[in-house]
1. Which residue fluctuates the most in the chain, going by a Gaussian network model with Cα springs under 10 Å, if the choices are V17, V48, V72?
2. If you take the C-alpha gyration tensor of the stretch 3-91, multiply each eigenvalue by 5 and take the square root, what semi-axes do you get, largest first, in whole Å?
3. To the nearest 500 deg cm²/dmol, what mean residue ellipticity at 222 nm is calculated for the chain from DSSP H runs of n ≥ 4 alone, each contributing -39,500 (n - 2.57), summed and divided by the residues?
4. As a footprinting exposure proxy, order L92, L21 by other Cβ within 10 Å, with the fewest listed first.
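Please treat every number below as a calculation from the coordinates, not as lab data. Every value quoted in this text rests on a predicted model; they were computed, and no experiment measured them. All Cβ positions, glycine included, derive from the backbone under ideal geometry; neighbour counts span all protein chains shown.
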Amino acid sequence: MILGIIDPLEGSIVILVGSLLTVVASWLAGSPYFKIIFWSFILIVIGVSALFGVSAAGGIGGNTGRPMWLMVVFFPYPLGWIIGITYSVKQLRLKPLEENSDNVE
């Protein structure tokens, strides 16, 4: 997910794949942050879809006739990315459960 930040449009594919892998990893690990990471992935998908849609339609501003405030539809993309990175790091910092622990309380 970090590599895709270099170029937000072309890197969005890298970010999508990275966030999908993070969702799968958190699901397989049974992470308590799975739902948050999953919803960050959904936000990224929505934002990237809007980014490609507006780009395919010719962009915004300038001579396109579309106002600059239309960039608001891209907001889920960076929001999902920030949430995804934050909770991925939190997930990595979780201490693994010891399955065969002799310290039973």
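1. Checking each option, the largest mean-square fluctuation is seen for V72.
2. Values: eigenvalues 164, 26, 18 Å².
Calculated on Cα positions only, the semi-axes equal 29, 11, 9 Å.
3. On the way: 3 runs with 60 residues, N = 105.
-19500 deg cm²/dmol, from helical runs alone.
4. Numbers: L92 9, L21 13.
Going from least to most buried by this count: L92, L21.
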